[in-house]
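All of the numbers you see were taken from the coordinates with simple rules; none came from a lab. Note that the structure is a prediction, hence the values are computed from the model and not measured. FYI the Cβ positions are ideal-geometry reconstructions off the backbone, even for glycines, and counts take in every protein chain you see.
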Amino acid sequence: MPRAWTQYKHANENKLGMTKRELFPPGLRAVTDELNSPEFVEWISQLTGIPDLLPDPMLDGGGLHQSGRGGYLNVHTDFSKHHFHANWHRRVNLILYLNSEWDESWGGSLELWEKSREGKMTRCVAKYPPLLNHAIIFTTTETSLHGFPDPLTCPAGQLRKSLALYYYTAETNSHFASHSTEYFARPQDGWTKSAMIWLDKKAVDLYSRAKARFGFSDEFASRVLGWWSGRK
């Protein structure tokens, strides 16, 4: 696997990501630039009612994502602060699917979940299959629970592909409530899986804090996760 791809392989997810826009195919570079253009960002502001949104040229945590057979992403809410801009508050997600041939029986639909006041997930309220040129836009809040938690059953060599862009607001008070990615166990997940989800999200939180403080890239963590995955 080329080093350009970051390996997100741990208890809460199994996928690859790429944030290096210069390595995208030309067509996807053009799409990325359009979705980060002032005109489109202004349209997103009007759509969501959130003024003064900012695009992220770094594609921190976003960019190209792909998952093969067995890939998954547990239900979660997203990190709320840009790792390299302390006053950037993440507000909106855009996910564009790039799968020209996708059988819905393979799984991979994005699930949207509700949670109770106590913070426990209650039910899946919607599912959206990752079909070509379909896009999902939603605000990034503590109640925006989403993921595709069941491992993909697509044939070997088939990939679930998407392009993710995130939009921010610059806050004058950099001490707004911030958190790293918060993963949740579903009601049907057993005690063992629920414990692994909780332990892993604590590890992700520690890494996210170190990344923000010391300016780490994801490449080192990717190599470690890739090595560990290979040993298993």
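Estimated from the Cβ-Cβ distance and a Förster radius of 25 angstrom, the FRET efficiency linking residue 188 and residue 144 is about 0.75. Each Lys or Arg adds one and each Asp or Glu subtracts one; over the other residues with Cβ under 12 Å from the Cβ of residue 67, this totals +3. Pairs from the list 115/193; 81/193; 81/127; 120/161 with a Cα-Cα gap above 25 Å: 81/193; 81/127; 120/161.
Can you tell me which of 59, 165, 47 moves the most in a GNM of the chain? Springs connect C-alpha atoms under 10 Å apart. Top of the fluctuation ranking is 47. With Cβ to Cβ distances under 12 Å as the rule, what net charge do the other residues near residue 182 carry (K, R +1; D, E -1)? Net charge around residue 182: -1.
Taking other Cβ within 10 Å of each residue's Cβ, how do 90, 21, 123 sort, fewest first?
The most exposed by this proxy come first: 123, 21, 90.
Once the Cβ-Cβ distance of residue 153 and residue 123 is raised to the sixth power relative to R0 = 25 Å, the FRET efficiency obtained is 0.60.
Other residues whose C-beta falls under 15 angstrom from the C-beta of residue 41 contribute a net charge of -4, scoring Lys and Arg +1 and Asp and Glu -1.
Only DSSP H runs of four or more residues enter the estimate; each adds -39500 (n - 2.57), and after division by the residues of the chain the mean residue ellipticity at 222 nm equals -8000 deg cm²/dmol.
Give the label of the value calculated from the structure for Rg/Rh (Cα atoms, Kirkwood Rh), choosing from [x] 1.09; [y] 0.93; [z] 1.00. Recomputing Rg/Rh (Cα atoms, Kirkwood Rh) here picks out [y]. Build a GNM of the chain with springs between Cα atoms under 10 Å: which of 75, 125, 31 gets the top mean-square fluctuation? Maximum fluctuation in the GNM of the chain, among the listed residues, is at 125. Could you tell me the center-to-center distance, by alpha carbons, between region 94-145 and region 74-90 in angstrom? A separation of 18 Å, based on Cα centres.
Rounded to the nearest Hz, the phi-derived 3J(HN,Hα) couplings of region 75-90 under the Karplus curve 6.51 cos²θ - 1.76 cosθ + 1.60 (θ = phi - 60°) are 4, 7, 10, 8, 4, 9, 10, 4, 5, 10, 10, 4, 9, 8, 9, 6, where x marks glycine and proline.
Our note on the geometry: Cα centres of region 159-189 and region 44-65, 12 Å apart.
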